[in-house]
Amino acid sequence: MIKMRYLPGKIFSCVLTLWLVSLLTFIVFQILPGNPAQIILGAEASPEQVAALEKELGLDKPLSLRYIHWISGVFRGDLGNSLRYARPVRGLMVNSLKVTLPVAGMAIIFIVLFGIPLGLAAGKYHWHKRGVLLSVVTQLGTAVPSFWLGILMMLALAKLFSYFTPGTFIPWDEDWLGALASLIPPALTVALPKVAVLTRYVGAAFVEEESADYIRTAFGKGLAEKKVFSNHLLKNILISVTTVLGLMGTDILGGSIIIEKVFALPGIGRLLIEAISFRDFPLIQAIALYLSGVVVLLNLLVDLSYSFLDPRIRWR
C-alpha cells in the first residue's frame, strides 16, 4: 500500500496547481483588451446598452468579486454562458467531450496495444533485418504530418468501403454504433504517429536494459529468456514508458485540433479555436481549466503508478 503521507501531499499539490491555473487564467482574460458586453451587442450598440449589459454580467464589480463568483460557480458546475453561442458553457463542453474523450480513449488503446509489443520486438531484434526495417518504418511514422495522414486515411477508407463518407460524424443519440465507427479513423490517425514514437522509445529502453547487470545475473542463474524479459526487464521498462504514456495522454485528451478539422469532428480542440477566434472569454476559461485538470490528473496517476511498478518508491 502507498504510505498515507504520500497521497495527501500529491492531492494537495494538484489542488494548489489547479487553483493557481484558475486564478491566472481568470486574471489574464479579464485584463485583455476587449469588452465582452461590446462583443455580445456588437459595434452598433450605444454606451448605455453596453453599460446595462456590463451590470447584468457583473462586469462592473471589482476583479476579486468576479473571480470569487466565477470559481464558486465552477464548484457548483456552473461555468457561465458562452458569449458566442448564448448557451451554458458546461453544455457546450459536454457535447465536445463526447467526441474528444472517445477518440482519446481509442487512440490510447491503439498506442498501448501496438506500441509496446512493437517496441519490444524492435529491441529484441535490434541487430537483425527485422529490427532495422521496423526502425525505418517508425522513423517515417514520426515524420509524417498528422493532417496528411488523416487525408490519406479518409481517401483509403472511402475507396475500400462504399458506405464510409469522409468528414462526417454521426451523433451518439442517432446511432451509437455508427458514431463509434466514425471515430475509429480519427483515433487511428491520432495514434499511429505516437505508436511510432512509443515503439522507438520502448526499443531503445529494451536495448539499454538488456545489457544491465541484473539481466546478466538473471541469465546466469539459468532463468529462461521469456521469464527474464517478463519478470525483470519489462517491469523496469514500464516505469519509464509510463511517463511517455502520461505525456501522450495529456496531448490526446486535450483534443487534436488538426485531426478534428480534417475529420470535421465537433471536439474540444475545434471548440477552443472557435472560442479564441470569437474572444469568447467564459468558454476559453473553462477549456483552459479542463486542460490543466487533465494535465494535473494524468501527472497524479503517473506518480501513483510509479509506486505500484516500483515498490521502493512507496517508502520514499
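The values are calculated or read from the model by the stated rules, or taken from the named source; none is laboratory data. Note that the structure is a prediction, hence the values are computed from the model and not measured. A quick note on method: Cβ atoms are made from the backbone with ideal geometry, for glycine too, and the neighbour counts reach across all protein chains shown.
A few comments on the model shown:
- Residue identified as modelled with pLDDT of 75 or more, touching a helix residue (DSSP H, G or I) at 6+ places or on another chain (Cβ under 6 Å) and of a type in the set (K, R) among K261, K194: K194
- Qualifying residues in the range 264-316 (those that are basic (K, R) and in a helix (DSSP H, G or I)) - the one modelled with the highest pLDDT: R270
- A Cβ distance below 7 Å, combined with a sequence gap of six or more or placement on separate chains, defines the contacts here; from the range 8-21, residues that are touching a residue at least 60 places away in the same chain (Cβ under 8 Å) reach residues that are assigned to a helix (DSSP H, G or I) and not polar (S, T, N, Q) in the pairs K10/L300; K10/D303; C14/V296; C14/L300; T17/V296; L18/G293; L18/V296; V21/L289.
- Here F219 fulfils each of the conditions (1) aromatic (F, W, Y); (2) over 23 Å from A122 (Cβ atoms); (3) at pLDDT below 75 apart from (2).
- None of G80, G73 is touching a Pro at 6+ places or on another chain (Cβ under 7 Å), farther than 30 Å from I184 by Cβ and at pLDDT 75 or above except G80.
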